[in-house]
Amino acid sequence: MKKVKGLLGACAMLLCGVVGAQVKDMPGGPRVNQLNLPDGVTQIAKDIAWLHWFMLIVCMVIFIAVFSVMFYSIWAHRKSRGAKAATFHEHLGVEVAWTVIPFVIVIAMALPATRTVVAMKDTSGADITVKVTGYQWKWGYEYIDGPSAGVKFLSNLATPRAQIEGKEPRGPLYLMEVDNPLVVPVGKKIRISVTGGDVIHSWMVPELAVKQDAIPGFIRNVWFRAEKVGEFRGQCTELCGKDHAFMPIVVKVVSEQDYATWSAEQKKLLAAAADDPNKEWAAADLIARGEKVYAANCVACHQGSGKGVVGAFPALDGSKIVLGPKADQIQILLKGKQGTAMAAFGGQLNDVEIASVISFTRASWTNAGKGQDPVVLPADVKAAR
Amino acid sequence: MSSVTPDQVSGHSHGHGHDHAHDDHAHHMPHGWRRWLFATNHKDIGTMYLIFSFAMLLEGGTLALLLRTELFQPGLQFFRPELFNQFTTMHGLIMVFGAIMPAFVGFANWMVPMQIGAADMAFARMNNFSFWLLPVAGALLTASFFVPGGATAAGWTLYAPLTLQMGPGMDMAIFAMHLMGASSIMGSINIVVTILNMRAPGMTLMKMPLFCWTWLITAYLLIAVMPVLAAAITMVLTDRHFGTGFFNAAAGGDPVLYQHIFWFFGHPEVYIMILPAFGIVSAIIPAFARKPLFGYASMVYATASIAILSFIVWAHHMFATGMPVTGQLYFMYATMLISIPTGVKVFNWVATMWKGSMTFETPMLFAVGFIFVFTIGGFTGLILSMAPIDIQVHDTYYVVAHFHYVLVAGSLFALFAGTYYWLPKWCGYMYDEKLGKVHFWSSMISFNVTFFPMHFMGLAGMPRRYADYAAQFTDFHQIATIGAFWFGLSQLLFLYIILKAYAGKGAPAAAKPWDGAEGLEWTVPSPAPFHTFETPPEVK
């Protein structure tokens, strides 16, 4: 009995500890127990919030009217009150009225909605265009024009796995923080060109009132003009596989000046990080680099142990392809594997990154010292593209 | 509505599983397992459909409770997200194709022949095949959990190209859906032919009970769209295994093509799941108000309008795919139009109640409850049809709330209403009225506790099909989980009530236990004899 009491006590304390950690409204994201759409930071978001209130009020008025009649009838026309049943069963006037009046109401609803639909679809005259690509399970951003033209990076969930598994307490931006947010200037019309890299994803940011499915092979445009600076958070809204809930979006809206500063920084970083195509790589350096690439891109499926997940993701440790000729493994990394979650990394990683991660897999676990072609060079990958 | 001469009613009374011999039949009634495996009797087949659908309801419900258990707190406590997605997908497939649709077919089998004064369905052996395809399909779906890679995890809507990444469980689901589709098509042909050809003399189409009308129209919808679903899932199968590229842009195809084909089926499908419910409610309200259905002709026209409109609104499920502005506007307008005939039906039900003489036994509680909660679902549907609002709430819990209001508080509550209404006819005993009322209030309250908070979550941006969520949504998720368990347990009470009635623990039921009820089914004894209306009645 004592043991049970002790155990229950421990559980209670644990629960309190977990629950009692006061959750606050997330800046740029959902408020605690939020009841309604966000007003948002764009005119379109405000229009949609207004439209929703309009619809809600009209529907509630009709609902209350109709059900007042029904509940009155339930009370007044019950047999136990002595009500005697009438026999009428049609009335042309009333039936015409309650067909025509709702029709008029529906037209009245459609008018403001039409205006907003037309406005949302007008992506012309944008100040900056950004290409957004949905991947399993992260977003890729590429600036097409403006001060940041050419800047390109991936945006991954930044919440540590330990928080998700309950091993650490959850941070204030749990599940809605990323390593590299999309940065845009305030007050400018930003066109977002959305596409998918593998399966259909969807790019949504409620405060900006933007949602666009990311469809592989097609590009679809949406736009927004943020009226306030701040960080605004969204999530993927089309089921895309196991980590659908773990690929959020953060849009950082900054002043024009800050945007110019940021653009300059990014361009410098891009130049610096760009791997020198002529560099001679030593095997040990390649493998060390490969370990970093593996941790950022491969570990989610193939696991840190290289053993994959039985029935879902193949093991790399002891894999025929990893131990075989380099050409086959290079092809799989460049082109992906049709019909599986193995993405075509040729579009996401450069030659050095691909060569280094292949070399890492060939030098790790029980693969070390076995198989053909233990080291793969960036030049090999470039030739295979 | 119509009257029947007493000498036309079938003579002897049969219960279920009772031993007996007929002198006036050319065959012996089969006993034991042969009676059920080789059943051609519409009542037996109706019973089997209902038992199968209830078992699927419990299986689908268990999957939902597994989901809600994981969602009780943020973080991943019990299931890997891959498994969570399998539960989400199979919950949808099993409920739609295994529970709701077969249940309505069970009602059609039991009631349509009796309501039109026919001895049985037009094609009795095809009827048997239509049923027995279903347990095979159900077994395939259930078994798909246990193959490598598990059940398909692409959502019940099975969007390409995610479906290309699924394991053999996906192929099993495709095969199962083909079987269920074939079952529905054959069943629908049966219903159309039966209703058009086998009505008793004097029963014109406009004298038919509205339940028969709603099933006639539903059957046409099924025949029209089940083949479209079959096409969509076959194209997925060939893209997966036979090198086609229907949904692959690099091959000249388009992932959105799948969505167009699927939703061309999918939208009429949701009306397939609600029209028979409208028919059931249209039988019960007049019975318990002791007053004829208001506006019978308008109800028929409204049902037909809803069905026709349902074919031209499918892309309101696709407002976020990036349609040109004209498409967006057209589908918004067309969808908004459906609210008009639907509203007409609600007004007609209320007008039926108005100045009636009402009592509130369990069937009436569920029917009135249906009108109340289904209308909430209808209004959120109207709000969703506004494309700008949909952009904010598409693929969020707002949509989950909407469709559970219309499918659970709509279709399922109507199925409960119909069960309580016709159970005395099926088994010959009254169900426990007090327990029935407990089942109603428990279901009604717990349903709202579960799903009402989801409207708020969706407006706040909580996406669907998520195994984990931002901590700000915790309270509403916890309320929903508690409500879900309460709702699930309430259905075990329902099972008990039915078993208790079949065990004969209530008062024996009269031929017409509800004094305001109309229809040929109430002119035969309770339980209904194995064969009824072997000679057609005269209908005035």
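The values are calculated or read from the model by the stated rules, or taken from the named source; none is laboratory data. Everything quoted here is computed from the prediction, not taken from an experiment. Every residue, glycine among them, receives a Cβ derived from its backbone with ideal geometry; neighbour counts consider all protein chains shown. Only protein heavy atoms, including side chains, enter the accessible area calculation; ligands, DNA and RNA are left aside. Shrake-Rupley method; radii C 1.70, N 1.55, O 1.52, S 1.80 Å.
Measuring between alpha carbons in the structure, the pairs from A:K131/A:K267; A:K79/B:K500; B:K434/B:K512; B:K207/B:K437; B:K43/B:K437; A:K188/A:K252 lying more than 23 angstrom apart are A:K79/B:K500; B:K207/B:K437; B:K43/B:K437. For chain A, pairs of C-alpha atoms spaced more than 37 angstrom apart make up 43 percent of the total. Each other residue within a Cβ distance under 12 Å of A:T237 adds +1 if Lys or Arg and -1 if Asp or Glu, for a net charge of -1. Using a 1.4 angstrom probe on protein heavy atoms only, the contact between B and A buries about 8300 square angstrom of accessible area, both sides summed. Atom-type composition of the exposed protein surface of segment B:291-370 places 81 percent of the accessible area on carbon and sulfur (1.4 angstrom probe).
Here the label points at A:L92 and A:I64, each 7 Å from Cα along the C-beta direction, are separated by 3.6 nm in the simple model. The stretch between A:A288 and A:I57 holds 77.0 nm of extra length on full extension. This uses 0.36 nm per residue minus the Cα-Cα distance. Sparsely packed loop sites in segment A:329-378 (the trypsin sites (Lys or Arg not before Pro) outside DSSP H, G, I, E and B with at most 15 other Cβ atoms within 10 Å) comprise A:K337, A:K370. Considering every alpha-carbon pair of the protein assembly as shown, the percent of pairs per 10 Å bin, from zero through the bin containing the longest distance, is 2, 11, 20, 23, 18, 13, 8, 4, 2, 0, 0. Rounded to the nearest angstrom and listed largest first, the equivalent-ellipsoid semi-axes of segment B:330-369 from its Cα gyration tensor are 30, 12, 4. Per residue, the Cα convex hull of segment A:264-385 amounts to 111 Å³. Taken about its Cα centre, chain A carries a charge dipole of about 1320 debye when Lys and Arg each add +1 at the Cβ and Asp and Glu each add -1 at the Cβ. Charge dipole of the protein assembly as shown (Cα centre as origin; +1 on each Lys and Arg Cβ, -1 on each Asp and Glu Cβ, all else neutral): 1180 debye, rounded to the nearest 20. Computed from the Cβ-Cβ distance with R0 of 45 Å, the FRET efficiency linking A:A271 to B:Y330 stands at 0.35. Here the accessible area is traced with a 1.4 Å probe on the protein chains. For chain A, carbon and sulfur cover 63 percent of it. Taking every DSSP bridge with both residues inside chain A, close to 70 percent are antiparallel.
Contact order for chain B, expressed relative to its length and based on alpha carbon pairs under 8 Å spaced 6+ residues apart, stands at 21 percent. Scanning residues 5 or more positions from B:F530 or on other chains, those with amide H under 5 Å from its amide H are B:H14, with H placed 1.01 Å from N in the peptide plane. Its Cα centre serving as origin, chain B has a Cβ charge dipole (Lys and Arg +1, Asp and Glu -1) of approximately 580 debye. Ligands, DNA and RNA are left out, and with a 1.4 angstrom probe the accessible area of chain A is 49 Å² per residue. Taking every DSSP bridge with both residues inside segment A:84-239, close to 75 percent are antiparallel. Taking segment B:313-334 and a reference point 7 angstrom along Cα→Cβ of A:V118, the backbone N atoms nearer than 17 Å belong to B:324-333. Our helix-only sum for the protein assembly as shown, with -39,500 (n - 2.57) per DSSP H run of n ≥ 4 divided by its residues, gives a mean residue ellipticity at 222 nm of -18000 deg cm²/dmol. Helices meeting the span-like rule in chain A (full DSSP H runs, Cα extent of at least 27 Å along the helix axis, mean Kyte-Doolittle score of -1.0 or higher): A:43-76, A:92-121.
Would you please classify the overall shape of segment A:168-225 from the alpha carbon gyration tensor, given that a ≥ b ≥ c denote the square roots of the eigenvalues, rounded means a/c under 1.5, and beyond that prolate means a/b larger than b/c while oblate covers the rest? Taking the square roots of the gyration eigenvalues as a ≥ b ≥ c, segment A:168-225 is oblate. Of the peptides B:184-193, A:325-334, A:99-108, A:233-242, the ranking by mean beta-carbon count within 10 Å, highest at the top, reads A:233-242, B:184-193, A:325-334, A:99-108. For the segment B:376-389, counting C-beta atoms of other chains within 10 Å of every residue's C-beta and taking the mean gives 6. In the context of the full set of protein chains, segment B:402-539 has a per residue accessible area of 32 Å² (1.4 Å probe). Residues B:H394, A:H201 ordered from highest to lowest accessible area at a 1.4 Å probe: B:H394, A:H201.
Partner lysines whose Cα lies under 23 Å from the Cα of A:K337, excluding those fewer than 8 positions away in the same chain, are identified as A:K138, A:K242, A:K292, A:K307, A:K320, A:K326, A:K382.
Look at the Cα gyration tensor of segment A:195-293: its axes a ≥ b ≥ c give a/c of at least 1.5 with a/b at or below b/c, and that counts as oblate.
Taken over the C-alpha atoms, segment B:332-423 has Rg and Dmax values of 15.1, 46 angstrom.
Angle between the Cα long axis of helix B:296-309 and the longest principal axis of chain B, 0 to 90 degrees, nearest 10? It is inclined by approximately 30 degrees. Each of A:I48, A:I128, A:W139 was scored by the projection of its Cα onto the charge dipole of segment A:43-178, and the greatest displacement toward the positive side belongs to A:I48; charges sit on the C-beta of Lys, Arg, Asp and Glu.
Mean partner shielding of peptide B:470-479, defined as the number of other chain Cβ atoms within 10 Å of each residue Cβ, is 6. The residues packed around A:F88, meaning those with a beta-carbon under 9 Å from its beta-carbon, carry a net charge of +1 if Lys and Arg are +1 and Asp and Glu are -1.
Ordering B:G322, B:A250, B:F456 by Cα displacement along the dipole of the protein assembly as shown toward the positive end leaves B:F456 in first place; charges were set at the Cβ atoms of Lys, Arg (+1) and Asp, Glu (-1). The mean count of C-beta atoms from other chains within 10 Å of the C-beta of residues in A:228-240, rounded to a whole number, is 4. The Cβ shell under 14 Å around A:K382 holds other residues with a net charge of -2, Lys and Arg each +1, Asp and Glu each -1. Calculated translational diffusion coefficient of segment B:188-254 (10 °C, 1.306 mPa s; Stokes-Einstein with Kirkwood radius over alpha-carbon pairs) equals 108 µm²/s. Our coupling estimate for segment B:100-110, obtained by passing each phi through the Karplus curve with A = 6.51, B = -1.76, C = 1.60 and θ = phi - 60°, is 5, 5, x, 4, 5, 5, x, 5, 4, 4, 5 Hz, Gly and Pro reported as x. Listed by chain and number, the aspartates and glutamates placed with their C-alpha closer than 14 angstrom to that of A:K228 are A:D39, A:E207, A:E256, A:D258; residues fewer than eight positions away on the same chain are left out.
Contact with the other protein chains removes 30 Å² or more of accessible area, compared with the isolated chain and a 1.4 Å probe, from these residues of segment A:30-46: A:P30, A:N33, A:Q34, A:L35, A:L37. Positive-end ranking of B:G378, B:A283, B:C212 along the dipole of chain B, with charges on Cβ about the Cα centre, is headed by B:A283.
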